[in-house]
Amino acid sequence: MVDIVTSRMFESFNRFSLNQNSQTESLSTVSNLKRFSQDHRNKRAISREADIKIRESQLFDVKENTIDVQLPRPKSILRLACQNCSMTSRESLINKTTERMALRNMFNRPIPGNSFIARYMSDICYNWKMKNFNYVLPLDDCILEDERTKMSIERMTREQLDDAKNKDDESLYDRLLEINTKRATKLLKDLKSALNDYVLRCSNWFFHKMFPLFLNSVLVHPGQINMIKEASKSGLPLIFLPLHRSHLDYLLLTYITYNNGIKCPIVAAGDNLRLPFFGQVLRGLGAFYIKRRIDPVEGRKDHIYRAVLHTYMHNSLKNGNNIEFYIEGGRTRSGKPLMPKYGIFSVIVDSLMDGTIDDALLVPVSMNYDKLVDGNFVREQLGEAKKMESVLSTIKSLWKSINGDYGMVKVDFNQPCSLRELVKTFKSTSENGLCEKRTLSSTASTSSIYGTEVLPNTNKNIIENISRHIVFDASHSTSVMATNAVAFLLLTKYRKGVVLEELATALDILREDLDYSRKELSFQGNSIDVINYAVEMLGPALVRKEIINKKKFIKPQVELPNCIELSYYSNTLMPHYALDSIIALAINYVDNKSGLIDSDHLKEAAHELCDILQYEFIFCKPCQNLDQTIRYCLDDLILRKQIFLLENETALEAKSRRIAQQFEEDEEDAYVSYKYQLNDDADVHNYLQFYRAVVHPLLECYAVSAQTLKHIVNKTVLETELIKDILDNLRMQLLNKSVLYSEAVSTDTIKNALKLFVTWGILEFHNEGKLRMYYFKKDQDSIPVADNLYTRINKYRPVEV
């Protein structure tokens with residue numbers, strides 16, 4: 001066919017040629033073209049055969065080997081819901097066009113018109129045009145006449161009557177009933193919110209004038225805000241669940257929701273904030289005040305308070321109000337996320353279970369600050385009692401804040417997730433035995449609303465899993481500030497100081513590492529500029545700048561008490577590297593100096609370290625398997641850091657084999673033990689040293705806490721006295737260099753260690769009023785038990801740092 005087309009083409013050309021000689025030339029050209037065409041067909045055939053052979057060879061390589069290609073990991077700024085347990089929620093409310101939008105500073109407002117008033121009184125006009133919501137708050141009669149409240153009053157009255165000496169007095173029951181009814185009325189008056197549009201408008205104007213005095217910006221992502229807006233159109237209540245860092249959190253979330261046309265939530269606030277004037281303003285902004293501890297009344301559970309709080313929240317949800325509460329309970333004193341408290345959240349779940357609401361949308365929120373507005377928590381970490389808030393201290397704090405520079409605040413909203421979907425998922429996985437079995441046991445306090453008759457026991461596991469999932473999601477969506485990154489590098493790699501240029505190189509590597517891990521950074525630009533900004537923000541009390549040999553030298557203050565405050569900023573990144581650090585410590589423990597490390601021994605050591613630090617970190621989502629998470633982390637270290645070289649296969653082949661194991665019917669049967677070859681490269685050694693330094697301070701505190709327990713054998717001691725003894729021991733060992741990290745001196749870490757020892761069945765405690773008494777369990781009360789506990793933890797502490 002090609003020859004025919006070619007011939008006719010040249011025949012047409014020759015027909016119109018004026019030169020007869022050209023016809024002879026054209027005929028020879030045709031024959032040449034025929035030969036060329038035949039050669040071309042032969043070459044194409046050969047090429048096809050070669051292509052087939054190449055493709056077959058490549059297909060064989062794909063089947064038998066792995067291709068050394070690392071694809072870029074996609075990073076979404078929308079903070080999508082978990083694909084394991086909330087797939088339906090994950091597919092909703094997404095608009096990819098808004099994801100590419102730049103961050104928005106809440107201080108930058110559009111001018112609401114072109115008129116003279118709009119231009120020169122823009123803030124007043126802006127507030128005047130804000131969307132007005134109808135906040136339907138629960139009525140007193142609805143709470144007090146509710147069956148749950150009436151039954152609690154009746155129950156308390158009968159218990160008091162049974163304990164009374166003059167039980168035969170016929171009027172006593174009526175008097176007790178009247179007293180308890182009046183008490184319920186007073187509790188409700190102290191509790192309830194007074195959220196209204198007038199206070200919101202006035203406060204919004206005030207906040208817009210006050211916040212820029214000490215904050216450079218409050219950054220949010222428009223895509224995240226649009227998801228919240230779309231979710232609010234569903235008519236379901238939004239449950240905002242922020243991680244708690246500062247008292248400013250309350251105001252910022254209300255400020256952001258109000259200025260974006262989202263219905264402001266009522267906010268669960270501690271009753272320590274119910275101050276004259278300030279408490280009333282917060283109440284008008286949506287605060288309802290709850291007790292930090294539900295203290296017993298005359299030796300009994302306070303049934304009335306529990307019922308009033310429970311009924312108030314039920315009615316608030318029923319009326320369509322959004323709710324905000326801090327699932328950690330209080331502010332973090334260490335910079336790390338706290339383990340969740342289950343009390344308030346159990347009421348939300350109960351409202352779903354009993355049909356009060358059809359569903360609710362959970363919105364995990366994280367806020368991070370360049371510099372904490374609340375000051376620091378050094379005094380509390382060193383064992384001093386918390387100073388209660390007062391009007392005078394609040395005024396002083398406001399004045400100090402207004403005259404300071406605290407940089408910027410980054411607020412991240414996770415994708416709203418259906419509570420009903422999460423409950424259904426965890427209920428089905430629990431019934432099928434698919435949930436990850438944890439060593440943690442529930443230690444719900446009798447002073448909490450959680451674990452009482454308010455909540456059925458069958459739902460506790462579901463509530464705990466969802467709560468831990470929320471903290472995990474919010475923690476991993478927390479943006480990294482410049483102060484966090486610089487403080488982290490200084491405390492883990494350069495405690496003795498570093499030249500500015502070397503620190504900038506390390507920051508470049510850290511930024512690449514965090515970006516690969518899809519961790520959001522709230523700073524941009526040249527690393528040297530970022531470091532200078534962070535050092536200035538942290539101040540000379542935490543980080544000093546010196547000139548040595550005409551070079552800028554950055555040196556952290558690693559002595560007490562300054563180091564504790566610096567570690568607060570560093571600890572924001574600690575959960576991100578916790579599992580890497582645990583693997584590095586496990587390697588140090590199982591290394592037999594031959595360079596070969598058994599995978600089973602490494603896994604066992606990593607699991608035991610996770611068990612030791614179970615109150616410090618949530619290592620994986622409740623819908624994930626810890627063993628798999630450790631394996632994936634190990635694969636990542638092999639691929640990117642080349643820490644290990646497998647004895648019989650490459651790192652990529654090992655990862656491919658692990659992925660293939662996921663498709664096996666029984667993964668445990670498919671798993672085979674193998675050997676790791678430790679890489680002797682100097683960079684690998686530095687990586688391991690860096691990773692070990694992340695959680696090493698925690699291990700030091702835990703080990704010294706266990707060591708100090710020998711002093712209470714055959715004794716019963718107050719919690720405050722035991723913590724003081726441990727702190728004194730830590731300080732002493734810090735002086736003689738037995739403890740290497742000043743930040744190991746931490747009251748919060750000591751309390752977590754004591755919780756662990758109770759969970760392990762070594763210690764017990766009981767409460768005498770507001771005092772807690774610790775002592776050894778009856779069958780554990782001996783010096784050898786204390787020594788074994790110390791050895792169990794101390795064996796993982798690396799000798800070299």
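Does Leu699 qualify as being at pLDDT 95 or above, in contact with a Phe, Trp or Tyr (Cβ under 7 Å, 6 or more places away or on another chain), on the phi < 0 side of the Ramachandran plot and not small (Gly, Ala, Ser)?
Considered against the rule, which asks whether it is at pLDDT 95 or above, in contact with a Phe, Trp or Tyr (Cβ under 7 Å, 6 or more places away or on another chain), on the phi < 0 side of the Ramachandran plot and not small (Gly, Ala, Ser), Leu699 comes out as yes.
Residue count for the range 696-749 under the criterion of being in contact (Cβ under 8 Å) with a residue 60 or more places away in the chain and either in the same structural domain as Leu613 (by TED's automatic domain parsing) or hydrophobic (A, V, I, L, M, F, W, C) (or both): the result is 12. For the range 331-351, the candidate set comprises residues that are within 25 Å of the chain's Cα centre (by Cα) and in a helix (DSSP H, G or I); within that set, the residue that is nearest to Asn319 (Cα to Cα) is Ile348. Among (1) over 30 Å from Tyr342 (Cα atoms); (2) touching a residue at least 12 places away in the same chain (Cβ under 8 Å), there is one condition Glu536 misses while meeting the rest; what is its number? Tallying (1) over 30 Å from Tyr342 (Cα atoms); (2) touching a residue at least 12 places away in the same chain (Cβ under 8 Å), Glu536 fails exactly one: (2). Going by the structure shown, is Ser171 among the small types (Gly, Ala, Ser) and closer than 17 Å to Tyr305 by Cβ? So Ser171 does not fit the description; no.
None of Thr716, Thr791, Thr747, Thr759 is of a type in the set (S, T, N, Q) and touching a strand residue (DSSP E or B) at 6+ places or on another chain (Cβ under 8 Å) except Thr716. Among the candidates Asp174, Asp169, the residue that is among the charged types (D, E, K, R), farther than 18 Å from Tyr135 by Cβ and assigned to a loop (DSSP other than H, G, I, E, B) is uniquely Asp169. Screening the range 48-125 for helices (runs of 4 or more DSSP H) wholly inside it with 2 or more residues that are at pLDDT below 75, at negative phi and in contact with a helix residue (DSSP H, G or I) (Cβ under 7 Å, 6 or more places away or on another chain) returns the ranges 116-120. Of the residues that make up the range 549-561, is at least one crowded, with 16+ Cβ neighbours inside 10 Å, under 21 Å from Arg518 (Cα atoms) and at pLDDT 95 or above? Within the range 549-561 (the criterion being crowded, with 16+ Cβ neighbours inside 10 Å, under 21 Å from Arg518 (Cα atoms) and at pLDDT 95 or above), the answer is no, since none of the residues qualifies.
No other residue among Lys182, Lys209 is charged (D, E, K, R), exposed (fewer than 15 other Cβ atoms within 10 Å of the Cβ) and either touching a residue at least 40 places away in the same chain (Cβ under 8 Å) or in the same structural domain as Asn260 (by TED's automatic domain parsing) (or both) apart from Lys209. The set of residues in the range 709-754 that are closer than 18 Å to Asp779 by Cα and out of contact with any helix residue (DSSP H, G or I) (no Cβ under 9 Å at 6 or more places or on another chain) comprises Asn714, Lys715, Thr716.
Return the residues of the range 224-266 that are among the aliphatic types (A, V, I, L, M) and closer than 14 Å to Met367 by Cβ; say none if nothing qualifies.
Hits for the range 224-266 are Leu241, Leu243, Leu248, Leu251, Leu252, Leu253, Ile256.
Would you confirm whether or not the range 700-715 contains a residue that is under 16 Å from Pro561 (Cβ atoms) and surrounded by 14 or more Cβ atoms within 10 Å (Cβ to Cβ)?
Looking through the range 700-715, at least one residue is under 16 Å from Pro561 (Cβ atoms) and surrounded by 14 or more Cβ atoms within 10 Å (Cβ to Cβ).
Yes/no per residue for (1) assigned to a helix (DSSP H, G or I); (2) within 29 Å of the chain's Cα centre (by Cα); (3) closer than 29 Å to Val378 by Cβ:
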{"position": "His685", "(1), (2), (3)": "yes, no, no"}
{"position": "Arg692", "(1), (2), (3)": "yes, yes, yes"}
{"position": "Val695", "(1), (2), (3)": "yes, yes, yes"}
{"position": "Glu721", "(1), (2), (3)": "yes, no, yes"}
{"position": "Asp748", "(1), (2), (3)": "yes, yes, yes"}
{"position": "Tyr775", "(1), (2), (3)": "no, no, no"}
{"position": "Val799", "(1), (2), (3)": "no, no, no"}
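Scanning the range 757-786 for residues that are surrounded by 15 or more Cβ atoms within 10 Å (Cβ to Cβ), in contact (Cβ under 8 Å) with a residue 60 or more places away in the chain and either β-branched (Val, Ile, Thr) or within 15 Å of Ala703 (Cα to Cα) (or both) yields Val758, Thr759, Ala786.
The values are calculated or read from the model by the stated rules, or taken from the named source; none is laboratory data. Values in this document were obtained by computation on a predicted structure and should not be read as measured data. Neighbour counts run over all protein chains shown; Cβ positions are idealised from the backbone, glycine included.
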